[in-house]
Amino acid sequence: MRKLMSRIKVSVVIGGLVALLIPASTPAFAGGVSAGGPWNYTRQTITAQFSGVHGSADGKAFAQTNDHNGGCALLKIRLKHNPGNIDLGWATSMNAPSFFIGFGPANTTAVSSQHRAQHSVDETWSAIQQPHAW
Amino acid sequence: MVPARWRLAWVLVLAVVACEQATTKQPVVFDEPLPYDPGPDVGGLTVQKAILADGEVTFDEYEKAFTAGIQCMRDEGFDVEGPLRYPDGVILIEPGADPRHRLGLLANNITQAEDERWNDVNQRCQVQWYYMVELIYLQQFDATEAEVQAWLERAWACAKEKGLELSNPPTESEAGHSVAFGCRPWENSG
């Protein structure tokens, strides 16, 4: 019985090490993500849905606004990152994309983000939304 | 702080340049709702309309309008760097787009106490001085559906080469995130 328990312990340890090594060998797309939405923006009975995230990807802060149902026209993002409490200001997409991302420089961490969408029906802008308190 | 007479001179120079470049092309009519109330026209809206009046926006006009917008933010006391061009500053990505066409800015040390005022100033200066011009300038580079698809496929292929794990089928968002890992799907389009 003691021998069996010992083998189980060894297996658990090896399994744990493998579990730790596998994710490390496959780069993850994004880390430390803070996500919000989907938020609804309704005009003339049509609802545009969008969402927002911020986090880091390969050591670069990013913020991203997503169009969830094709109801949005332009998308906007605002990203604030550290070090230095640097704010990239509001940026607007040039088209009606499925997503719009802003990446900060290398070795930056996202602090917060804000997101807006333009409704495809009347081209008005949604209220500012954010994944968590700014 | 830039004296008011210099700002007025800058407005006049931009307006004259825009008028001189006017051709027989139809003016661009910008009739979309603006994302922010620009408030009273301090000259920027007039300059933007003058730039759009000749039916096209050049990079030079875009850069001048953007620079005026940054000056507007600096006049409010913010430490703003720019205009920045790829690869400096923020890299903005959407499917099919080339971030090298864009200009950007960095506002340093936006503390919690200044955050709300910066948000207002940033939006107001942008709408007053360059929002319309930027949008019309960038929309010259709209990608076709085929170009967007090719852009996505280059991004996914690059992500695989770099060992990034993709969903099956891969998502557009994953194509966008591949840029953080060094993929440049806007290059190689020939």
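Could you list, in sequence order, all residues of segment A:78-98 that are within 16 Å of A:Q130 (Cα to Cα) and either more than 8 Å from chain B (Cβ to nearest Cβ) or in a loop (DSSP other than H, G, I, E, B) (or both)?
Within segment A:78-98, just A:H81 meets the criteria.
Identify, by number, the condition in (1) out of contact with any Ser or Thr (no Cβ under 6 Å at 6 or more places or on another chain); (2) surrounded by 23 or more Cβ atoms within 10 Å (Cβ to Cβ); (3) more than 10 Å from chain B (Cβ to nearest Cβ) that A:G52 doesn't meet.
It fails just one condition, (1).
Among residues belonging to segment B:59-114 that are part of a loop (DSSP other than H, G, I, E, B) and among the small types (G, A, S), point out the one that is surrounded by the most Cβ atoms within 10 Å (Cβ to Cβ).
The residue in question is B:A97.
Out of the residues in segment B:136-168 that are out of contact with any helix residue (DSSP H, G or I) (no Cβ under 9 Å at 6 or more places or on another chain) and assigned to a loop (DSSP other than H, G, I, E, B), which is farthest from B:L92 (Cα to Cα)?
Among those residues, the one meeting the criterion is B:N168.
Looking at A:N40 and the list (1) more than 9 Å from chain B (Cβ to nearest Cβ); (2) part of a strand (DSSP E or B); (3) in contact (Cβ under 8 Å) with a residue 12 or more places away in the chain, which single condition is not satisfied?
(3)
For residues that are buried (at least 20 other Cβ atoms within 10 Å of the Cβ) and of a type in the set (A, V, I, L, M, F, W, C), tally how many sit in segment B:33-51.
Within segment B:33-51, residues that are buried (at least 20 other Cβ atoms within 10 Å of the Cβ) and of a type in the set (A, V, I, L, M, F, W, C) number 3.
Could you check, for segment A:29-37, whether at least one of its residues is of a type in the set (S, T, N, Q), at pLDDT below 95 and either more than 20 Å from B:E165 (Cα to Cα) or in contact with a Leu (Cβ under 9 Å, 6 or more places away or on another chain) (or both)?
Yes, segment A:29-37 has at least one match.
As an exercise: evaluate B:P169 against (1) in contact (Cβ under 8 Å) with a residue 60 or more places away in the chain; (2) farther than 29 Å from B:Y62 by Cα and give the number of the one condition it does not meet.
Evaluating B:P169 over (1) in contact (Cβ under 8 Å) with a residue 60 or more places away in the chain; (2) farther than 29 Å from B:Y62 by Cα leaves (1) as the failure.
Only one residue in B:G163, B:G182 is exposed (fewer than 15 other Cβ atoms within 10 Å of the Cβ), within 11 Å of chain A (Cβ to nearest Cβ), more than 18 Å from A:N66 (Cβ to Cβ) and more than 24 Å from the chain's Cα centre (by Cα). Which one?
B:G163
Do we have any residue at all in segment B:136-143 that's under 29 Å from B:V28 (Cα atoms) and away from chain A (no Cβ under 11 Å)?
For segment B:136-143, residues under 29 Å from B:V28 (Cα atoms) and away from chain A (no Cβ under 11 Å): absent.
Kindly establish whether B:T171 is closer than 29 Å to A:A127 by Cβ, surrounded by fewer than 18 Cβ atoms within 10 Å (Cβ to Cβ), of a type in the set (S, T, Y) and more than 8 Å from chain A (Cβ to nearest Cβ).
When the stated conditions are applied, B:T171 passes them.
Evaluate segment A:4-25: report whether one residue or more is of a type in the set (V, I, T), modelled with pLDDT under 95 and in contact with a strand residue (DSSP E or B) (Cβ under 9 Å, 6 or more places away or on another chain).
No, every residue in segment A:4-25 fails to be of a type in the set (V, I, T), modelled with pLDDT under 95 and in contact with a strand residue (DSSP E or B) (Cβ under 9 Å, 6 or more places away or on another chain).
Quick one: would you say B:C183 is in contact with a Cys (Cβ under 7 Å, 6 or more places away or on another chain), within 24 Å of B:E63 (Cβ to Cβ) and either assigned to a helix (DSSP H, G or I) or at pLDDT 95 or above (or both)?
no
Among (1) out of contact with any helix residue (DSSP H, G or I) (no Cβ under 7 Å at 6 or more places or on another chain); (2) surrounded by fewer than 21 Cβ atoms within 10 Å (Cβ to Cβ); (3) more than 9 Å from chain A (Cβ to nearest Cβ); (4) within 26 Å of B:A53 (Cα to Cα), where does B:V127 come up short?
Every condition holds for B:V127 apart from (2).
Does B:A107 count as small (G, A, S), touching a strand residue (DSSP E or B) at 6+ places or on another chain (Cβ under 6 Å), within 30 Å of B:E187 (Cα to Cα) and within 9 Å of chain A (Cβ to nearest Cβ)?
Judged against the criteria, B:A107 is a match.
For segment A:38-68, enumerate the residues that are of a type in the set (S, T, N, Q) and either on the phi > 0 side of the Ramachandran plot or at pLDDT 95 or above (or both).
Across segment A:38-68, the qualifying residues are A:N40, A:T42, A:Q44, A:T45, A:T47, A:Q49, A:S51, A:Q64, A:T65, A:N66.
The values are calculated or read from the model by the stated rules, or taken from the named source; none is laboratory data. All figures in this text were calculated on a predicted structure; none of them were measured in a lab. FYI the Cβ positions are ideal-geometry reconstructions off the backbone, even for glycines, and counts take in every protein chain you see.
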